[in-house]
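Working notes, structure below.
Quick note: the coordinates plus some simple rules give every number you see, no bench work behind them. Since we're looking at a predicted model, the values are computed, not measured. Reconstructed Cβ throughout: ideal geometry from the backbone, glycine too, with neighbour counts over all protein chains shown.
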Amino acid sequence: MYKVEVEVEVEVEVEVNWNINKPIEQLVTKGERMTNIDEGKKFRGMADAFIAEANKLKKIENPGMVGASFLYAAARFNIFLMAASSSSADEFASIKEDSLNALMAEFKKMLEDHFENYNENFNELMGK
């Protein structure tokens with residue numbers, strides 16, 4: 001049993017725009033379009049909130065398990081977005097390969113970017 005206190009303000013009105021040709025930052029928007037700078041800040045702010053929760057959990061659990069559950073949650077939520085944007089089970093099934101390939105390519109790009117950042121700034125980021 002895990003006790004994690006989270007204070008989150010959630011707007012339920014979400015427009016799902018699943019399009020494998022859009023960068024990951026543009027897949028989901030709420031309400032009116034914001035400027036790219038605002039969207040980038042919001043995107044990174046949401047990522048930081050998830051990372052803060054993972055950092056709390058890694059203090060009481062195996063960090064590898066925390067990372068694996070983080071990946072599992074991301075996969076599960078992204079599949080939900082794909083299903084929510086599909087009008088039928090057949091349409092959902094038809095987007096599987098292209099959607100999975102797009103998500104995996106985007107994830108690989110993110111991993112490569114973060115790896116490069118840590119490689120270039122290892123001592124500073126790791127406090128050494």
Here the residues within region 84-109 that are free of Cβ contacts under 8 Å to residues at least 12 places away in the same chain and within 17 Å of ARG44 (Cβ to Cβ) are PHE107, LYS109
If we keep only residues of region 47-62 that are over 20 Å from MET110 (Cα atoms) and without any contact (Cβ under 8 Å) to a residue 24 or more places away in the chain, then the residue surrounded by the most Cβ atoms within 10 Å (Cβ to Cβ) is LYS58
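Looking at region 94-110, which of the residues that are surrounded by 15 or more Cβ atoms within 10 Å (Cβ to Cβ) and under 14 Å from ALA83 (Cα atoms) is farthest from the chain's Cα centre (by Cα)?
Step by step, filter region 94-110, then rank; the result is ILE95.
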Worksheet item: Quick check, is SER69 of a type in the set (Gly, Ala, Ser), surrounded by 11 or more Cβ atoms within 10 Å (Cβ to Cβ) and more than 15 Å from the chain's Cα centre (by Cα)?
Response: no
